[in-house]
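Below is one structure, written out as structure tokens, with a few remarks after it.
Read-outs: derived from the displayed coordinates by stated rules, not from any lab. Because the structure is predicted, anything quoted here is derived from the model rather than measured. Don't worry about glycine lacking a Cβ; one is built from the backbone with ideal geometry, like all the others, and counts go over all protein chains shown.
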Amino acid sequence: MNKRDAAEKIKDLNELTGAGLKVESIKNGDITLHGTFPADVLVRIIDEIKAADSREGFLRAVLEGRFTETEIQERAERYGFSAEKRYAVLLIEQSKAGASATLLSEIFAGDGDNLIMPINDHSAIFIKELSGKKEKDMLNKTAESIVSTVNTELMEKVRVSYGRPVTGVVQIQESYLQAKLAMEVAGIFYTERYVISCDELGIGRLIAELPVTLCELFMDEICGEKKKFSLSDDELKMINSYFDRNLSLAETARDLYIHRNTLTYRIEKLQKKTGLDIRNFDDAVTLKIALMVDRYLEYKTANS
Amino acid sequence: MASLSLKNICKVYPNGFEAVKDFNLEIADQEFIIFVGPSGCGKSTTLRMIAGLEDISSGELRIGDRLVNDVEPKDRDIAMVFQNYALYPHMTVYDNMAFGLKLRKVPSDEIDKMVKEAAKILDLVPYLERKPKALSGGQRQRVAMGRAIVRNPKVFLMDEPLSNLDAKLRVQMRIEIAKLHQRLGTTIIYVTHDQTEAMTLGTRIVVMKDGVIQQVDTPQNLYDRPQNLFVAGFMGSPQMNFLDAVVEIQGETAYLKIANKAVPLPPEKSKKLIEGGYDGKTVTFGIRPEDVYDSEMMVEASPTSVFEASIRVYELLGAEVYLYFDLDEFPMTARVDPRTTARPGDVVRFAFDTEKIHVFDKETEHIITN
């Protein structure tokens, strides 16, 4: 770095921190400075460096993808992570800000390489070391246990998703991204679930991976210009009941406390409205997917 | 202590899934009420709505006189015990029970009083300084309950708290929970899929299926007078025998035609079938295994309902024997005296107690004869 480059950098530093530093000289890569530096900013910088140079800081950087594979391997050993151990990431999301990370640390931290890190007031990451053959059962049990504990101890709503087990810290980001995707997909399509595995996302995963433009094209094809079915609550209730009962007219009529003929009449009315006869398997699949795509687009609009 | 009132409670998720439909129930103060039903029937969702862990889509929920639909879970004066409880492994029993209160910043002298009181109720005083590892499964479960008791709630909500325990411990803990209810005198709402647990613990049972209440009644009434085919089949183990029968009315008596035989029904049951216009229709005939007899005395006493069948399987359970056979191609079970001489391959004469016959509408599955 020459003196001019150094001056540019110091100028940036002054702007970011409120410092008043000037470059006096530069020799052997070391810059001699003159001026003032705010004490509180200095303390914050030291804290940041310390945090980054910790187990937690290291894992945070890994999850955020800030290290290359080689860098992870180099540092993993320093922080006591084995390259052979099995890990999985669980994502914990509370509806309200709460002390779930503190609470869960009391239960799970200290057991192997387990680590619980708050991301913000509402969510936390749990990196769990796995042992034994039934890894998925263990993960599911842990996730359910987290939900029960937060529900009973903090009396707060909570959802837990988890990614696939991986070997070594190098692959941990993969498990984290899977857990994140599971949380997002469940938030759109499977709102009734509290525990979500990345391996149980079904058709929701497929839709959540589709580009919005493609979804819009699909809706355009199915619903026309409006790109949306305008279905009443009663119609949606009938459709859901019919799908839940595996397209059985008798079961659906019983569930809805209506006569089978009334149900048939309503299905025909729906056919006139949508052009889809849900007694026909292909049409039933199309409507099911269209309703899911519609939900996905609504979610995307709300979160854009 | 508190009563609860659930009026027209519904739960519809944003994806359109209807978990609970028009749930109506009045729960009296100090009642021990059980929600029972198969997986996915909406029992846990209802419990979670009472807890405030699930929003109520429509309807009214009152605890005491207070409408609590929009009240935060922690302000509802309830406590919960779930099946997947986790104890704090590095804390003593005392600290495990105290931790939740500490998080809520309850003064330490109050915590001490509450924990010691709960420990006394649960017989955990000698173990207060032990860590969870040094406790048995039952003791750990009691600690989990202690965490709920220290809150001194108006209502206890328990979601399958014994499901993780082995069979022997489950029976033991069932007795403990019954005792606990007597000692605390608090309203308890208990969710289970195990009908034995429901029958033995509850003062009343709510049977649910597909988000809908099927029947609310005392354990005895549920067993003796099920309102529909589902309740009849769900309550009781081995489950009630069901087979198709055709109704034939002759004068004031209704006959059920089963296996080339016409079984006359008692006057009251006959009257229901005649009034319902079931002549010539196929209905579902139900009889509990203990109401099917192989003893000569019963067979002689009930000549109108005697059938012959070949035994397929013989199961000795010590105090009783289950005999499995087919009638009109429908599988049947008889719960008989262990001194029976019937063995697989034997052709045995069975008699039904016609007073105990249940007849269900084939289409609606509702009871006709109760």
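Dipole magnitude for the protein assembly as shown: computed about the Cα centre from +1 point charges on Lys and Arg Cβ and -1 point charges on Asp and Glu Cβ, it is near 1280 debye. Residues B:Val283, A:Val160, arranged from fewest to most other Cβ atoms within 10 angstrom of their Cβ, appear as B:Val283, A:Val160. Around the Cα centre of chain A, unit charges on the Cβ atoms of Lys, Arg, Asp and Glu (plus for the first two, minus for the last two) sum to a dipole of about 400 debye. Basic side chains Lys and Arg get +1 at the Cβ, acidic Asp and Glu get -1 at the Cβ, and with that the dipole of the range B:210-295 about its Cα centre reaches some 140 debye. With runs of 4+ DSSP H residues as the only contributors, calculate the mean residue ellipticity of chain B at 222 nm using -39,500 (n - 2.57) per run, divided by the residue total and rounded to the nearest 500. Result for chain B: -8000 deg cm²/dmol, rounded to the nearest 500. Considering only B:Leu229, A:Ile222, B:Ser58, the residue lying farthest towards the positive end of the dipole of the protein assembly as shown is B:Ser58, judged by Cα position with unit charges set on Cβ. In terms of Cα atoms, the Rg and Dmax of the range B:35-92 work out to 14.1, 43 Å.
Loop-located GluC sites (Glu not before Pro) in the range A:61-100 (DSSP state other than H, G, I, E, B) with a sparse environment of at most 14 neighbouring Cβ atoms within 10 Å: A:Glu64, A:Glu84. What's the angle, to the nearest 10 degrees (0 to 90), between helix A:3-17's Cα axis and the longest principal axis of chain A? Value to nearest ten degrees: 60. Taking the inverse of the mean reciprocal distance over all distinct Cα pairs, the Kirkwood hydrodynamic radius of chain B comes to 23.3 Å. Among A:Thr149, B:Thr369, the ranking by other beta carbons within 10 Å of each residue's beta carbon, starting with the fewest, stands as B:Thr369, A:Thr149. Loop-located trypsin sites (Lys or Arg not before Pro) in the range B:1-104 (DSSP state other than H, G, I, E, B) with a sparse environment of at most 14 neighbouring Cβ atoms within 10 Å: B:Arg104. Placing pseudo-labels 7 Å out from each Cα toward the beta carbon at A:Ser95 and A:Thr36 gives an inter-label distance of 5.1 nm.
Mind running the shape call on the range B:290-355? Use the C-alpha gyration tensor, a ≥ b ≥ c as the square roots of the eigenvalues: rounded below 1.5 for a/c, prolate if a/b tops b/c, oblate otherwise. In terms of gyration-tensor shape, oblate.
Averaging Cα coordinates gives a centre for the range B:291-335 and one for the range B:165-236; these two points are 28 Å apart.
The sum of -39500 (n - 2.57) across all DSSP H runs of n ≥ 4, divided by the residue count of chain A, sets its helix-only mean residue ellipticity at 222 nm to -17000 deg cm²/dmol.
Let me know the shape class of the range B:181-313, please: from the alpha-carbon gyration tensor, a ≥ b ≥ c as square roots of the eigenvalues, rounded when a/c is under 1.5, otherwise prolate if a/b is greater than b/c, or oblate. Here the range B:181-313 falls in the prolate category. The 3J(HN,Hα) values that the Karplus relation (6.51, -1.76, 1.60; θ = phi - 60°) gives for the range A:276-281 are, in residue order, 10, 9, 6, 6, 8, 4 Hz. Gly and Pro appear as x. The string of couplings for the range B:288-300 from the Karplus curve (6.51, -1.76, 1.60, θ = phi - 60°) is 6, x, 6, 9, 10, 10, 10, 6, 4, 4, 5, 5, 5 Hz, one whole number per residue in order, with x for Gly and Pro. Its residue count N sets the reference 2.2 N^0.38 Å, and the alpha-carbon radius of gyration of the range A:86-138 equals 1.16 times that reference. Shape class of the range B:19-176 from the Cα gyration tensor (axes a ≥ b ≥ c, square roots of the eigenvalues): oblate, since a/c reaches 1.5 or more and a/b does not exceed b/c. Over the range A:195-304, the ratio between the Cα radius of gyration and 2.2 N^0.38 Å evaluates to 1.15. Around the amide H of B:Gly211, modelled in the peptide plane, lie the amide H atoms of B:Gly42, all under 5 Å away and 5 or more residues distant in sequence or on another chain. The Cα atoms of the range A:1-97 define a convex hull whose projected area, averaged across directions, is 9.9 nm². Over chain B, with a Gaussian network built from C-alpha contacts below 10 Å, which listed residue (B:Ala167, B:Ala79, B:Ala119) shows the highest mean-square fluctuation? Taking springs between Cα atoms under 10 Å, the residue moving most is B:Ala167. The Cα-based radius of gyration of the range A:59-210, divided by its Kirkwood radius, gives an Rg/Rh of 0.96. Positive-end ranking of A:Tyr190, A:Val285, B:Phe352 along the dipole of the protein assembly as shown, with charges on Cβ about the Cα centre, is headed by A:Tyr190. If you look for lysine pairs in the range B:160-303 that are eight or more places apart or on different chains, how many of them have Cα atoms under 26 Å apart? Going through the range B:160-303 pair by pair, I get 12.
Beyond 26 Å in Cα-Cα separation lie the following of the pairs A:Lys227/A:Lys300; A:Lys9/A:Lys50; A:Lys133/B:Lys102; A:Lys269/B:Lys21; A:Lys136/A:Lys288: A:Lys133/B:Lys102; A:Lys136/A:Lys288. When only alpha carbons of the range A:50-106 are considered, Rg and Dmax amount to 13.6, 38 Å. Stretching B:Leu103 away from B:His366 to a fully extended chain increases their span by 89.6 nm, per 0.36 nm per residue minus the current alpha-carbon distance. Report the trypsin sites (Lys or Arg not before Pro) located in the range B:294-370 that are in a DSSP loop and have at most 12 other Cβ atoms inside 10 Å of their Cβ, or state none. Here the sparse-neighbourhood loop sites are B:Arg339. Two numbers describe the Cα atoms of the protein assembly as shown: Rg and Dmax, which are 31.9, 119 Å.
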